[in-house]
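Colleague: Once you've had a glance at the structure underneath, I'll fire off some questions.
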Amino acid sequence: MTMLINIEDISGCEGQRVKIQGWLYAVTRKGKLIFVRLRDGTGIAQGVAYRPEVGDELFELLKRLGQESSLVVEGMVRANNRAPGIPGGFEIGIEQVTVLQEAIEYPITPKEHGVEFLMDHRHLWLRSSKQWAIMRIRTTVKRAIIDFLDSHGFANIDTPIITPSAAEGTSSLFEVNYFEEQAYLAQTGQLYNEANIMAFGKVYSFGPTFRAEKSKTRRHLTEFWMVEPEMAFYDLDDLIDFEEEFISYIVQTVLEKRRPELELLERNLDMLKNVKPPFPRISYDKALERIAAIREATDDPTLKKELQIEWGDDFGSPHETQLTQQFDKPVFVYGYPTQVKAFYMEPWPGRPEVCKSVDLLAPEGYGEITGGSERMSDPDELIAAIEKHELPMEHYQWYIDLRRFGSVQHSGFGLGLERTVAWICGVEHIRQTSPFPRSLNRMRP
């Protein structure tokens, strides 16, 4: 009896005759042996064809098949600790092959290709082993996020993608014509989540968000996925404690479930193993002092210039990179200047120039992973903030109502999925963590 299996389950099939449906990833010939690497979307396995056993016709067929030809391979599973693959250690003694389609002149070859070429062929580049591994890890990160929040009493409530007003200012929003009325693609679902918590206590939204920033850095996309948990009766300290457990769970789940993929990406696993509570916590003021000390100590004129910063400025990539190099795990920076944060953040008691905000910065130069705050709970303070930012009051009447009818202390944060995946995978550019990334200069394929 021949059993149809997924490659990821091959380790439990030793000594059994199996069938695998997949694509030809690579072929190597050594005399009377042909080694076939087959992928099926769940893993990569080695198949071995011995000419005297399979016959000349099948042997010659395997020799000429092009990369990415679609196949059905049948044969016996046997242990071989030298057999490559994901999972490795097992191979298939090929007995029969059915060719579904023979691919000719596949454009992505083992030779070196430029990034633009690969992005132009993103629909095919996704099949490459490292890109496949990144997407597998992305899927696991997404599932870990949902599992953690669902198991901690959160309701998943969807928020609008088309909105009549901005949550954090209109300068980085995509405008849309909504039946002759100006509207925007949402940059966050947070304001709506604040309404949702008054009905459900703890909620999260998880979906695409849009930022029209004209940025070309390795950390930015114009379309990305973001999860936004929001919690009633949480102050800033409660928020930080929760984020710490949340991030740790995500990273440790990936380590447990996707170690082969991480190893394929040559990720430093020790850095990920260390992502466990407690995380260091420092104020913006202390962070500024540390950056100033680094700047003072360096002899590099370029770095000295990059680290120039005044109190009240937001951190840029060089500041975050240098700061996180002082820690061996993610670090919370809290208490940012009010002027660099959104209008709805609760002022720090006795320091109105500072707000109850917090960013989680990942080590190894990956920057901000989460951004959150305790939200304003007083309607008069919120009205004053809206007026100060010169926002259209009529668009925020419903938001002010949340403070008029049963207002409570509440907090929340946003986590960008692609940036988190980039950090966990250890990849240099965020574009590799989106199946079909959208950036300043790219919306195809």
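Colleague: Looking at Q46, Q96, which is the one that is more than 38 Å from the chain's Cα centre (by Cα), among the polar types (S, T, N, Q) and part of a strand (DSSP E or B)? Break it down stepwise before answering.
Modeller: Working: Q46 fails: more than 38 Å from the chain's Cα centre (by Cα).
Of the residues listed, the single one that is more than 38 Å from the chain's Cα centre (by Cα), among the polar types (S, T, N, Q) and part of a strand (DSSP E or B) is Q96.
Colleague: What number goes with the only condition from (1) aromatic (F, W, Y); (2) crowded, with 17+ Cβ neighbours inside 10 Å; (3) farther than 30 Å from K257 by Cβ that F174 does not pass?
Modeller: Condition (2) is where F174 drops out.
Colleague: Specify the residue that is nearest to the chain's Cα centre (by Cα); the eligible residues are those in the range 226-241 that are farther than 22 Å from G316 by Cα, buried (at least 19 other Cβ atoms within 10 Å of the Cβ) and not β-branched (V, I, T).
Modeller: Step by step, filter the range 226-241, then rank; the result is E228.
Colleague: Going through the range 218-252 one residue at a time, which ones are of a type outside the set (D, E, K, R) and touching an Asp or Glu at 6+ places or on another chain (Cβ under 8 Å)? Walk me through it before giving the result.
Modeller: From the range 218-252, those of a type outside the set (D, E, K, R) are 220-222, 224-227, 229, 231-234, 236, 239-240, 242, 246-252; that's our starting set.
Passing the criteria: H220, L221, T222, F224, W225, M231, Y234, L236, L239.
Colleague: Can I ask one more? Could you please find all residues in the range 100-118 being within 27 Å of R259 (Cβ to Cβ) and surrounded by 14 or more Cβ atoms within 10 Å (Cβ to Cβ)? It would help to see each step written out before you state the result.
Modeller: The first filter runs over the range 100-118 and keeps only residues within 27 Å of R259 (Cβ to Cβ), leaving 108, 110, 118.
I108, L118, listed by residue number.
Colleague: Is there any pair linking a residue in the range 239-257 that is in the same structural domain as G426 (by TED's automatic domain parsing) to one that is of a type in the set (D, E, K, R), with Cβ under 7 Å and at least six apart or on different chains, and which?
Modeller: Hits for this filter: L239/E374; I240/R281; S248/K276; L255/K273.
Colleague: Can I ask one more? Could you go through the range 34-43 and let me know if any residue there is touching an Asp or Glu at 6+ places or on another chain (Cβ under 8 Å) and either buried (at least 18 other Cβ atoms within 10 Å of the Cβ) or modelled with pLDDT of 95 or more (or both).
Modeller: Filtering the range 34-43 for residues touching an Asp or Glu at 6+ places or on another chain (Cβ under 8 Å) gives 42-43.
Keeping just the survivors that are either buried (at least 18 other Cβ atoms within 10 Å of the Cβ) or modelled with pLDDT of 95 or more (or both) gives 42-43.
Yes, some residue in the range 34-43 is touching an Asp or Glu at 6+ places or on another chain (Cβ under 8 Å) and either buried (at least 18 other Cβ atoms within 10 Å of the Cβ) or modelled with pLDDT of 95 or more (or both).
Colleague: Here is a follow-up. Got a sec? Which of V141, V72, V97 is on the phi < 0 side of the Ramachandran plot, β-branched (V, I, T) and either surrounded by fewer than 19 Cβ atoms within 10 Å (Cβ to Cβ) or touching a Phe, Trp or Tyr at 6+ places or on another chain (Cβ under 6 Å) (or both)? Walk me through how you get there before you give the answer.
Modeller: Details: V141 fails: either surrounded by fewer than 19 Cβ atoms within 10 Å (Cβ to Cβ) or touching a Phe, Trp or Tyr at 6+ places or on another chain (Cβ under 6 Å) (or both); V97 fails: either surrounded by fewer than 19 Cβ atoms within 10 Å (Cβ to Cβ) or touching a Phe, Trp or Tyr at 6+ places or on another chain (Cβ under 6 Å) (or both).
Exactly one residue qualifies, and that residue is V72.
Colleague: Let me ask something additional. Looking at the range 74-93 only, could you name the residues that are part of a strand (DSSP E or B) and among the charged types (D, E, K, R)?
Modeller: At the first step, the residues of the range 74-93 found to be part of a strand (DSSP E or B) are 74-79, 86, 90-93.
Correct list: E74, R78, E91.
Colleague: Another one. Here are the criteria: (1) under 28 Å from T222 (Cβ atoms); (2) touching a Leu at 6+ places or on another chain (Cβ under 8 Å). Tell me which single one R403 does not satisfy.
Modeller: (1)
Colleague: Can I ask one more? Out of D359, D401, D378, which single residue is on the phi < 0 side of the Ramachandran plot, touching a Lys or Arg at 6+ places or on another chain (Cβ under 7 Å), at pLDDT 95 or above and not polar (S, T, N, Q)? Walk me through it before giving the result.
Modeller: Values: D359 fails: touching a Lys or Arg at 6+ places or on another chain (Cβ under 7 Å); D401 fails: touching a Lys or Arg at 6+ places or on another chain (Cβ under 7 Å).
The unique qualifying residue is D378.
Colleague: Also, I was wondering about something else. On the given criteria, is E244 assigned to a strand (DSSP E or B), modelled with pLDDT of 95 or more, surrounded by 14 or more Cβ atoms within 10 Å (Cβ to Cβ) and acidic (D, E)? Steps first, answer last, please.
Modeller: Numbers: assigned to a strand (DSSP E or B): no; modelled with pLDDT of 95 or more: yes; surrounded by 14 or more Cβ atoms within 10 Å (Cβ to Cβ): yes; acidic (D, E): yes.
So E244 fails the test.
Colleague: A further question on this structure: Limited to the range 177-206, what total is found for residues that are surrounded by fewer than 17 Cβ atoms within 10 Å (Cβ to Cβ) and touching an Asp or Glu at 6+ places or on another chain (Cβ under 7 Å)?
Modeller: 1
Colleague: Looking only at residues that are in a helix (DSSP H, G or I) and in contact with an Asp or Glu (Cβ under 7 Å, 6 or more places away or on another chain) in the range 424-445, which one is farthest from E256 (Cα to Cα)?
Modeller: Initial filter on the range 424-445 (in a helix (DSSP H, G or I)): 424-425, 430-433.
Narrowing further to those that are in contact with an Asp or Glu (Cβ under 7 Å, 6 or more places away or on another chain): 430, 433.
On the way: I430: 23, T433: 20 Å.
Ranking the candidates gives I430 first.
The values are calculated or read from the model by the stated rules, or taken from the named source; none is laboratory data. In this text, all values refer to a predicted model and were calculated from it rather than measured experimentally. Glycine also receives a Cβ, built like all others from the backbone with ideal geometry; neighbour counts cover every protein chain displayed.
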